[in-house]
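Colleague: Here you go, one structure.
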Amino acid sequence: MKFETRAIHVGQEPDPATGAAIVPIYQTSTYVQEEPGKHKGFEYSRTSNPTRVALEAALASLEDANHCLAFASGMAAEDTIVRLLKPGDHVILGDDVYGGTRRLFEKVLAPFGLEFTSVDMSSLDEVKGALKPETRMIWVETPTNPYLRIADISGLAEISKQAGALLVADNTFATPYLQRPLSLGADLVVHSTTKYLGGHSDVVGGAACTNNDEVAERLFFLRNAIGGVPGPFDSWLVLRGLKTLAVRMRAHCENARRIVEFLTEHPSVSKVWYPGLEDHPGHATAARQMDDFGGMVSFEVASKEEALGVVSKTKLFFLAESLGGVESLIEHPGEMTHASIAESPFAVSENLIRLSVGIEHADDLIDDLKSALS
Ligand code: P1T
């Protein structure tokens, strides 16, 4: 079955009890047992819940994975994945990752004895140079947040296999509609399902997908032990989002292309970051491993003051953190999504503006940016 069909049908058979065409929200914490241990596969909703299982089956299918685990947030998924490691292990991560990921790794997990090295993941040589005997995980975001840099997932997979490390790919920006990292050799895919998968800015969630049975089993244990699970309604919202992922992504990509055309010609814009541009250093790799270039666009203006002015002036582009919803968002990474790393060597430029291009009409979005930039 094709992607669009799997998004609507996998894990989503009519409800056997009632014939409901849509997977019900099984709003229950517990399940009745006939005698201790004799039940229909569900005991307690931290461990498993039918609405969540439906979401996991659908998303696993879209990511070409055998296993998917849903989480309460992208950060909960990340935290649980890193607990596959033990004190003394070393992780290589990109120098341009979501600020919250860096905060979790460096401020929360490093004190527990994990070591992190940040490198420019678009250079395989830099990644090789950072390897240590203790390296057990390579963590890549591609495209990155907020600079939309591109890393070669197959190249990284070769390096990680040789090193005996797990390659984890954050596929939040691309989504499985545009890029399937497991098929390119990654061991794990992580998502903030809050973004394109949910697609309507009305839910916070996360997920991890893998084809490695041992890793899946350990993650299942860890998630149950730690407890960062999504509720039934949140699982249902993400499952509903998946059904329209393909059509939404096509519209996001189309609108982003139109906006990039407008921005590259605008005199107040000094630089546009978008992997679809031929002069983007990762363009060839993106064209090879992605089916299109996504709906995220970053650009720079002359000063921080100008950037703050622009983000405050748009009307259709809401000034807000997050991304991937049907409505367009604009933000200043330095003061907002990446403020937690403002004092670190990985701070982003203060002149940078990030757009999450929605699926409104492109003409209206361009008019909005035109007024804000004038
Ligand atoms: O917000 P949460 O669902 O916990 O996901 C964290 C996360 C993980 N990975 C990437 C690539 C992300 O962009 C995020 C969250 N990012 C934002 C809130 C943002 O505005 O960039």
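Colleague: Looking only at segment 111-133, decide whether some residue is within 16 Å of the ligand (Cβ to nearest atom), under 20 Å from THR193 (Cα atoms), at pLDDT 95 or above and buried (at least 19 other Cβ atoms within 10 Å of the Cβ).
Modeller: Within segment 111-133 (the criterion being within 16 Å of the ligand (Cβ to nearest atom), under 20 Å from THR193 (Cα atoms), at pLDDT 95 or above and buried (at least 19 other Cβ atoms within 10 Å of the Cβ)), the answer is no, since none of the residues qualifies.
Colleague: Specify which of the listed residues (TYR31, TYR44) is in contact with a His (Cβ under 9 Å, 6 or more places away or on another chain) and aromatic (Phe, Trp, Tyr).
Modeller: On inspection, the qualifying residue turns out to be TYR31.
Colleague: With respect to the numbered conditions (1) within 13 Å of the ligand (Cβ to nearest atom); (2) closer than 30 Å to ALA130 by Cβ; (3) out of contact with any helix residue (DSSP H, G or I) (no Cβ under 9 Å at 6 or more places or on another chain), which one is the sole condition not fulfilled by VAL190?
Modeller: Result: VAL190 fails condition (3) only.
Colleague: Now a separate question. Quick check on VAL311: is it within 16 Å of the ligand (Cβ to nearest atom) and assigned to a helix (DSSP H, G or I)?
Modeller: For VAL311, the condition - within 16 Å of the ligand (Cβ to nearest atom) and assigned to a helix (DSSP H, G or I) - is met.
Colleague: Only residues that are surrounded by fewer than 21 Cβ atoms within 10 Å (Cβ to Cβ) and farther than 20 Å from ILE153 by Cβ: list them for segment 87-104, please.
Modeller: PRO87, GLY88, ASP89, HIS90, GLY100, ARG103, LEU104 - these are the residues of segment 87-104 that are surrounded by fewer than 21 Cβ atoms within 10 Å (Cβ to Cβ) and farther than 20 Å from ILE153 by Cβ.
Colleague: Right, another one. Looking at this structure, is ALA163 in the same structural domain as PHE71 (by TED's automatic domain parsing) and within 11 Å of the ligand (Cβ to nearest atom)?
Modeller: no
Colleague: Within segment 93-107, can one find any residue that is modelled with pLDDT of 95 or more and away from the ligand (no atom under 16 Å from the Cβ)?
Modeller: no
Colleague: So is VAL348 in a loop (DSSP other than H, G, I, E, B) and either at positive phi or modelled with pLDDT under 95 (or both) or not?
Modeller: The answer is yes for VAL348.
Colleague: One residue is enough: does segment 149-159 have a residue meeting the conditions surrounded by fewer than 20 Cβ atoms within 10 Å (Cβ to Cβ) and in contact with a strand residue (DSSP E or B) (Cβ under 6 Å, 6 or more places away or on another chain)?
Modeller: Scanning segment 149-159, I find no residue that is surrounded by fewer than 20 Cβ atoms within 10 Å (Cβ to Cβ) and in contact with a strand residue (DSSP E or B) (Cβ under 6 Å, 6 or more places away or on another chain), so the answer is no.
Colleague: Looking only at segment 134-148, filter to residues that are of a type outside the set (D, E, K, R) and touching a Phe, Trp or Tyr at 6+ places or on another chain (Cβ under 9 Å); which one of those is surrounded by the fewest Cβ atoms within 10 Å (Cβ to Cβ)?
Modeller: Within segment 134-148, the match that is surrounded by the fewest Cβ atoms within 10 Å (Cβ to Cβ) is TYR147.
The values are calculated or read from the model by the stated rules, or taken from the named source; none is laboratory data. Only a predicted model underlies this, so the values are computations on that prediction, with no experimental measurement involved. Using ideal geometry, Cβ is built from the backbone for each residue, glycine included, and neighbour counts are taken over all protein chains shown.
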